[in-house]
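Structure first, commentary second.
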Amino acid sequence: MLPERQVLWRVGGFGDDYYPPSSVWYWENAHRGPSSHCFFQMITKGEGLYTDDHERTVVPAGSAMLFAYGERSTYGKSPGSTKGLHTKWVGLLGLGVQEHWASLRKRHGSVIDIRGNEQITSGMDRLHELAAPRGTNDPVEMAAAAHDFVMALFRHAHDVRYAVQSPVERAVEQLLRNPTVGWSLKEVAAEHQVSREHLTRVFTKRVGKPPGQVLNEARLRRALHLLRNTALPVYEVARQSGFASAHTMARRVKQETNMSPMSVRELSG
């Protein structure tokens, strides 16, 4: 079992740095470690540059770079920049941080505009305060603050993405995020004021499967998990899995396993 200090989320490093106009600031992450060390580097003044295998991105003041040690990425001052650069950063470690970081970046990219979001900037200030030599350094308090900070990043990135999405893209996101909610395709389409046919076309093009199939597969997986790992009544398993009724769930379970829900439960017990 890992010791608590390695499990809980914590600050692995932090800084508030200024680089004069004539200075050079450049880092390659490929040979830095540990690979579980994830960084949030915000440009507060000047202009940075972030590069990975996919693209080269100019990072203006008010935006932040998200990266991790051990990956093929670089960051620093824009070449030829005649301006000074001010950056504020924090590095996070702990069980699950790397997976959260990868999920956030896969969904929203490695450069995020955070202008106007005081929750993120104050959250980083709080992490600096806790990790400072005169800070409390309480591991539980720091873990909670680190989690709140990362969740604020997720919420902000989602809100930014949602603001530029079309109604049908928002409908697709809703279905993908919550496939086991018991709504119908018709209800989601109506909520976003798009036709069910248009939603089906866009969803299928993006995911590679029609929405009905994706929802049914997700609901069946959820139902089988609950049947095998809980003592919930069958009707409650159906409700929590998004099926319209226990009868509908039983039919899908039978098609998949050739067993009734109770037989699935008894076999797993």
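In this simple spin-label approximation, SER78 and LYS186 carry label points 7 Å from Cα along the Cα→Cβ vector, and these lie 5.4 nm apart. The distance separating the Cα centre of the range 29-100 from that of the range 110-175 comes to 16 Å. Note on ARG115 and THR257: the model spin-label points, each 7 Å out from Cα along the C-beta direction, lie 5.4 nm apart. Considering only alpha-carbon pairs that sit under 8 angstrom and 6 or more positions apart, the relative contact order computed for the chain is 16 percent. Less than 5 angstrom separates the built amide H of LEU85 from those of TYR19, all sequence-distant by 5 or more or on a different chain. Hey, for a label at ALA30 modelled as a point 7 Å past Cα toward Cβ, could you say which residues of the range 50-91 have their backbone N under 11 Å away? Of the residues in the range 50-91, 53, 71-74 have backbone N under 11 Å from the label point off ALA30.
The simple spin-label model puts a point 7 Å past each Cα toward its Cβ; for LYS45 and LYS205 those points are separated by 4.7 nm.
When log10 I(q)/I(0) by the Debye sum over Cα atoms at q = 0.11, 0.12, 0.16 Å⁻¹ is computed from the coordinates, the matching label among (1) -0.69, -0.76, -1.14; (2) -0.81, -0.91, -1.15; (3) -0.56, -0.67, -1.24 is (2).
Each value in this text was obtained by applying a stated rule to the coordinates, not by laboratory testing. The structure displayed is predicted, hence computed values, not measured ones. Because the Cβ atoms are built from the backbone with ideal geometry, glycine has one as well, and the counts that use them run over all protein chains shown.
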